[in-house]
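Just below is one structure, and these are the notes that go with it.
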Amino acid sequence: MVEMALIGLVGEAPNDTDAIRTLLGRKYPEKFQYKALLNKITGSQLDSGRAKRSLRIEYEDSKPELVVFIRDLDGFQEDTVQLKNRKDYFRKSNNIVDDLGVFLLSIYSLEALLLYDLELFNTNYGSSINMDQEPMTVNMPKEYLMENSNLQKYKDCDNPNLFSQLDLKKLDNCNFLSKFYTKFEKKLTELGY
């Protein structure tokens with residue numbers, strides 16, 4: 001039996017990491033195993049020296065073939081200051097994992113992906129959101145979803161379950177996710193997977 005490649009996941013919160021693990025598992029079924037790294041370090045703490053030291057230790061212990069870094073831009077793609085900060089974070093973190101990293105940078109935040117499948121969201125939350133704009137242009141998508149959920153209130157801890165139901169075809173329209181998949185597959189090919 002061929003052993004599956006181990007993919008490390010570093011995210012801003014366990015909900016984000018679990019949601020992306022679910023999404024990748026659906027996109028690449030039975031191809032990889034996933035392991036969350038730095039579970040107890042969240043948000044901007046990922047930029048700290050402590051996080052970098054912990055990352056090196058967990059990376060050496062786990063020995064993943066590839067590490068996915070999941071971060072929110074917390075702004076739009078035109079925000080050059082935030083973009084530079086996130087790229088610097090990735091460059092430094094990727095160096096720690098021997099350049100085996102791939103960056104998943106969500107524009108504005110990971111919750112923007114839910115806006116690509118409003119039918120799912122509306123059904124789950126009794127909402128009637130009708131989007132007439134590109135989801136990546138919605139300011140603060142998590143807060144937008146919270147404000148527009150009716151039946152029950154949306155919480156980001158719902159993401160892993162919601163991501164297990166998202167229509168993968170609809171997500172093909174998401175620019176930042178498509179770019180990530182391209183980089184992810186290229187890196188895997190370079191590594192012989």
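Rule-based calculations on the coordinates, nothing more; no lab input. Please read all numbers here as calculations on a predicted model, not as lab measurements. Here the Cβ is made from the backbone with ideal geometry for all residues, glycine too, and neighbour counts use every protein chain on show.
A few comments on the model shown:
- Selection of chymotrypsin sites (Phe, Trp or Tyr not before Pro), the stretch 45-78, meeting DSSP coil and at most 16 other Cβ within 10 Å: Phe76
- The chain, relative contact order [Cα under 8 Å, separation at least 6], %: 23
- Computed over the Cα atoms of the stretch 84-184, pair by distinct pair, the Kirkwood hydrodynamic radius stands at 14.8 angstrom.
- Contour minus Cα-Cα distance for Arg26 and Glu190 (0.36 nm per residue): 56.8 nm
- Taking the longest Cα principal axis of the chain as reference, the axis of helix 175-190 is set at about 20 degrees.
- Out-of-range pairs (alpha-carbon distance over 28 Å; input Lys84/Lys179; Lys92/Lys153; Lys63/Lys142; Lys31/Lys142): Lys92/Lys153; Lys63/Lys142; Lys31/Lys142
- Among Asp74, Asp158, sorting on how many other beta-carbon atoms sit within 10 Å of each Cβ, with the fewest leading, yields Asp74, Asp158.
- Exposure proxy for Asp167, Asp156, Asp18: other Cβ atoms within 10 Å of each Cβ, ordered fewest to most, give Asp167, Asp156, Asp18.
- With a Förster radius of 30 Å applied to the C-beta separation of Leu151 and Ser44, the computed FRET efficiency comes to 0.35.
- Looking at the stretch 1-54, the GluC sites (Glu not before Pro) that sit in a DSSP loop and have at most 16 other Cβ atoms within 10 Å of their own Cβ are Glu3, Glu30.
- Volume per residue of the C-alpha convex hull in the stretch 5-190, rounded to whole Å³: 110
- Footprinting exposure proxy for Leu151, Leu166 (fewest neighbouring C-beta atoms within 10 Å first): Leu151, Leu166
- Residue-averaged [θ]222 nm for the chain, counting only DSSP H segments that reach four residues, each worth -39500 (n - 2.57): -13000 deg cm²/dmol
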